[in-house]
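Mind having a look at this structure? Questions to follow.
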Amino acid sequence: MDKNKSHAVATHNSIEPEVREKLSTVLNQLLADTTDLYSHAKQAHWNVRGQDFFSLHELFDKVSEQTLEHADEIAERVGQLGYSVSGTIRESARASHLAEYPLDIASGEAHIEQLSASLSEYTRHVRKGIEQADEAGDAVTNDILVQICRKTDKILWFVESHGARLKAAVSSKKAAA
């Protein structure tokens with residue numbers, strides 16, 4: 001048995017075994033992406049510098065907290081489907097679809113831009129999972145992923161809105177100079 005592959009566990013779940021297997025693979029992949037997104041938000045949280053440090057530090061922490069909740073929802077759904085969860089950091093790093101978060105940025109604008117790109121990329125993969133759950137006829141997994149997508153779209157809006165405010169402040173300072 002491949003030690004990195006999710007394996008079936010006993011369940012009385014009424015969803016067809018083939019569907020449960022397919023969706024557990026989809027969800028374990030999304031779990032890797034979610035765990036990686038969490039690390040992106042924490043990287044921004046720990047490394048942001050500048051005039052808007054405090055508000056961005058708190059915002060990035062909220063992103064990481066929400067993302068951690070999503071990881072738990074996804075992992076629990078894998079278990080409900082009767083499969084083991086592939087939730088280690090190493091597995092997430094190996095399997096994530098997300099682009100690597102740069103380690104050499106510090107400004108609020110740079111973190112906003114990068115975290116926005118990560119959030120957008122993440123929701124693209126969640127939407128693909130929504131389609132797969134819908135095609136498989138699993139309304140529960142579909143609902144979980146729709147809620148995750150809705151919440152992530154909202155937090156993306158918050159992050160991007162901070163970026164718009166920062167860009168406006170920089171433009172005002174340049175015009176005054």
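Take the chain, connect every pair of alpha-carbon atoms lying under 10 Å apart with a spring to form a Gaussian network, then pick out the residue of ASN142, ASN13, ASN28 with the largest mean-square fluctuation.
Highest fluctuation among the options: ASN13.
Next up: If you only keep lysine pairs separated by 8 or more in sequence, or across chains, how many in the chain come under 14 Å at the Cα atoms?
So the count works out to 5.
While we're looking at this one, here's another question. Ranking LEU68, LEU23, LEU115 by Cβ neighbours within 10 Å, fewest first, what do you get?
LEU68, LEU23, LEU115
What is the fewest-to-most order of ILE105, ILE89 by other Cβ atoms lying within 10 Å of their Cβ?
ILE89, ILE105
Moving to a separate point now. Counting Lys +1, Arg +1, Asp -1, Glu -1, what net charge surrounds ASP134 among other residues with beta carbon under 12 Å of its beta carbon?
So the environment of ASP134 carries a net charge of -2.
Related question: The chain: Rg/Rh from Cα coordinates, Kirkwood Rh?
Ratio value, two decimals: 1.07.
Also, quick follow-up: Specify the residue with the greatest mean-square fluctuation among HIS12, HIS97, HIS57, computed from a Gaussian network of the chain linking alpha-carbon atoms under 10 Å apart.
Comparing HIS12, HIS97, HIS57 in the GNM, the peak value goes to HIS12.
Calculate, for SER55 and GLU135, the FRET efficiency according to 1/(1 + (r/R0)^6) with r their C-beta to C-beta distance and R0 41 Å; round to the nearest 0.05.
0.50
Provide the per-residue ³J(HN,Hα) series for the stretch 113-130, in order, calculated from phi with Karplus coefficients 6.51, -1.76, 1.60 and θ = phi - 60°, each as a whole number of Hz, with x at glycine and proline positions.
4, 5, 5, 4, 5, 5, 4, 5, 4, 4, 5, 4, 6, 5, 4, 5, x, 4
Okay, moving on. Test of understanding: ordering GLU65, GLU100, GLU160 by Cβ neighbours within 10 Å, fewest first, what list do you get?
Listed from fewest to most nearby Cβ atoms, that is GLU100, GLU65, GLU160.
Also: If R₀ is 22 angstrom, what is the calculated FRET efficiency for the pair THR88 and GLU65, using the beta carbon separation as r and rounding to 0.05?
Once the sixth-power term is evaluated, E becomes 0.60.
Residues with amide H under 5 Å of TYR83's amide H, sequence separation 5 or more or different chain, H placed in the peptide plane at 1.01 Å from N; which?
Amide H neighbours of TYR83: VAL9.
If you line up the long axis of helix 139-176 against the longest principal axis of the chain, both from Cα atoms, how many degrees apart are they, to the nearest 10?
10 degrees
Could you compute Rg(Cα) / (2.2 N^0.38 Å) for the stretch 57-116, with N its residue count?
Working it through for the stretch 57-116, the quotient is 1.39.
Every read-out reported here was derived from the displayed coordinates using simple, explicitly stated rules and does not represent laboratory data. In this text the structure is predicted, and so the values were computed from the model without any measurement. Note that each Cβ is placed from the backbone with ideal geometry, even for glycine, and that neighbours are counted across all protein chains shown.
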